[in-house]
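So the structure is just underneath, and the comments pick up after that.
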Number of protein chains: 2
Amino acid sequence: MSAASPPLPKALAALAQQQSFAAGDRVFRAGAAARHVHFLVQGQVRLSRFGRQGEAVVIHAALAGEYFAEASLHSERYHCDAEVLQPALVASIPSSALRELLQRDAEFAMDWVAILSRQLRETRARVERLSLKGAAERVRHLLLTEGKGPAHRFTLRGSVKDLAAELGLTHETLYRTLAAMEQQGVIERRATTIALRGGR
Amino acid sequence: MSAASPPLPKALAALAQQQSFAAGDRVFRAGAAARHVHFLVQGQVRLSRFGRQGEAVVIHAALAGEYFAEASLHSERYHCDAEVLQPALVASIPSSALRELLQRDAEFAMDWVAILSRQLRETRARVERLSLKGAAERVRHLLLTEGKGPAHRFTLRGSVKDLAAELGLTHETLYRTLAAMEQQGVIERRATTIALRGGR
DNA sequence: CGTCGCATTGATATCGCTCAAATCCGGTGG
DNA sequence: CCACCGGATTTGAGCGATATCAATGCGACG
């Protein structure tokens, strides 16, 4: 996926404006005019929306080397907040320039289609995960679909609390579930990774 | 979105092979080699995967005029089953031909990017919906994001039972929730539509 | 050293799931 | 035309899983 955080393609780098953000900043807010597509050069950004009670709903967590708000290319406004979790360097590409590049450069267009397709598949996997009933099932699904290698080892990005939000669980429930699964020998936890263990 | 189910673009029609399916058929199954992208000319198709206990998880419900398995363009195999709900006419476009067309036709590439972007936004909306806690909140979110017009009127496709699956709820819970919301005057139900009513 | 946020565990409440049953409706065949 | 059937719809009762509220430890950071 992102072995060593792929760089911004040169064709785009020329069009982009880079900007630094501190943790807690917003790259953009929901409702703002969507005039740029963004590429996260470094750091961590979380896209979320807020329910009526102010509960944050995490739409997507972007890692270094990923685009975010790509779907806003064909949208008038941003539909979520982009909150900076880790000090970030963001390259912002004007939508109009990107659109033009898509028209002009067939190869780039192919790459862009591939990026969107991947995002779509990942998001669908997440829908599938959230549709599962039990907390343990969701954890298992996460490991099976996002874990690397034969043991399906999954590396946490951020805190367990963040993971809980991504899984649609409270952090308490996730802690308990992880503890129970480890107790039962279903998973193995190390510093910042979780892996499946043979059985069941 | 799909006022009267948009047709298959001519450029693609030439490349596609059309085939009819009866309700209950599978257009493809999970694990099969993904050599085609599909366009639903008519009918209804549901993309789903199955958990260990055989619980169907609905990934996507395709309507007439929509592509499905678009993300498989860059994937070796299908990741879900495509089950025909209503007798369907499906146009299957070889992945290789589609890829070639993307290279050759910049305008089509733009359209394709737009289609993927839309799907991505819709799927993210669904993630957001599934992350909400209460059944009523999910219904409200559905109406707010997918309902048309000022009253956010939403037209059911298929049964209430199907909707329950899409919302990640059991049909019993959804029936009860809808009844309660109507009782409270939050929503208004008609034949096959649900709409929000002003108040709280 | 004090504070803040994450991690962890306990107790309780609540919501949605499960099992169950009755009704309704469209379609089918006699 | 009517009896029958299967699936959708609807409502009931009880249980269990997860949310919620609460308390404590712990490490980072100023």
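Read-outs: derived from the displayed coordinates by stated rules, not from any lab. Keep in mind that this is a model prediction, so the values were computed, not measured. Here the Cβ is made from the backbone with ideal geometry for all residues, glycine too, and neighbour counts use every protein chain on show.
Once the Cα atoms are used to define both axes, helix B:95-104 deviates from the longest principal axis of chain B by about 80 degrees. Specify the angular offset, from 0 to 90 degrees and rounded to the nearest 10, of the alpha carbon long axis of helix B:106-131 from the longest principal axis of the alpha carbons in chain B. With both axes taken from Cα atoms, the answer is about 30 degrees.
The 3J(HN,Hα) values that the Karplus relation (6.51, -1.76, 1.60; θ = phi - 60°) gives for segment A:33-39 are, in residue order, 4, 8, 9, 9, 10, 10, 10 Hz. Gly and Pro appear as x.
Distances from A:Lys10 to itself in the other copies, using label points 7 Å out along the Cα-Cβ axis, amount to 4.0 nm in increasing order. Near the amide H of B:Arg35, within less than 5 Å, lie no amide hydrogens of residues on another chain or at least 5 residues away, with H placed in the peptide plane.
Ranking A:Leu8, A:Gly65, A:Ala106 by how far each Cα lies toward the positive end of the dipole of chain A (charges on Cβ) leaves A:Gly65 at the top. To the nearest 20 debye, what charge dipole does chain A have about its Cα centre, counting +1 at the Cβ of each Lys and Arg and -1 at the Cβ of each Asp and Glu? Here the size comes out at about 500 debye. Per-residue Karplus couplings for segment A:88-93, computed as 6.51 cos²θ - 1.76 cosθ + 1.60 with θ equal to phi - 60°, are listed in order as 10, 10, 10, 9, 9, 10 Hz, Gly and Pro entered as x. Summing charges over neighbours of B:Ile93, with a neighbour being any other residue whose Cβ is under 15 Å away from its Cβ, gives -1 when K and R count +1 and D and E count -1. In a simple Cβ point-charge model (Lys, Arg +1; Asp, Glu -1; nothing else charged), the protein assembly as shown has a dipole of about 840 debye relative to its Cα centre. Per-residue Cβ neighbour counts within 10 Å put A:Arg46, B:Arg99, B:Arg104 in the sequence B:Arg104, B:Arg99, A:Arg46, beginning with the fewest. Using the Karplus relation 6.51 cos²θ - 1.76 cosθ + 1.60 with θ = phi - 60°, the per-residue 3J(HN,Hα) values for segment B:67-72 come to 7, 9, 6, 5, 6, 6 Hz, with x marking Gly and Pro. Placing a label point 7 Å from Cα along the Cα-to-Cβ axis, A:Val160 is separated from the same position in the other copies by 4.1 nm, shortest listed first.
May I ask for the distance between the Cα centers of segment B:104-178 and segment A:102-150, given as a whole number of Å? Going from one Cα centre to the other spans 18 Å. Cα axis of helix A:135-146 to longest principal axis of chain A: angle in degrees, 0 to 90, nearest 10? Helix A:135-146 sits roughly 50 degrees off the main axis of chain A.
Within 10 Å of each candidate Cβ there may be at most 14 other Cβ atoms; applying that plus a DSSP loop requirement, which GluC sites (Glu not before Pro) in segment A:52-133 survive?
Numbers: sites: A:Glu55, A:Glu66, A:Glu70, A:Glu76, A:Glu83, A:Glu100, A:Glu107, A:Glu122, A:Glu128; in loops: A:Glu55, A:Glu76.
Taking segment A:52-133 and a limit of 14 other Cβ atoms within 10 Å, the loop GluC sites (Glu not before Pro) found are A:Glu55, A:Glu76.
Legend: residue pairs A:Lys161/B:Lys133; A:Lys10/A:Lys148; A:Lys133/A:Lys161; A:Lys133/B:Lys148, Cα-Cα distance threshold 21 Å; pairs beyond threshold, A:Lys10/A:Lys148; A:Lys133/B:Lys148.
Across identical copies of the chain, B:Gly24 has label-point separations of 6.3 nm, listed in ascending order, with the point defined 7 angstrom from Cα along Cα→Cβ.
Classify the protein assembly as shown as rounded, prolate or oblate from the Cα gyration tensor: take a ≥ b ≥ c as the square roots of its eigenvalues, call it rounded if a/c is under 1.5, otherwise prolate when a/b beats b/c and oblate if not. Note, shape of the protein assembly as shown comes out rounded. Largest GNM mean-square fluctuation across A:Arg190, A:Arg49, A:Arg118, computed for chain A with C-alpha springs under 10 Å, falls on A:Arg190.
Given charges of +1 on the Cβ of Lys and Arg and -1 on the Cβ of Asp and Glu, with all other atoms neutral, how large is the dipole of segment A:27-90 about its Cα centre, in debye to the nearest 20?
Values: 6 positive and 6 negative charges, 34 e Å.
Taking the Cα centre of segment A:27-90 as origin, the dipole is about 160 debye.
Between B:Arg153 and A:Ser75, the FRET efficiency from the beta-carbon distance, with R0 = 22 Å, is close to 0.45.
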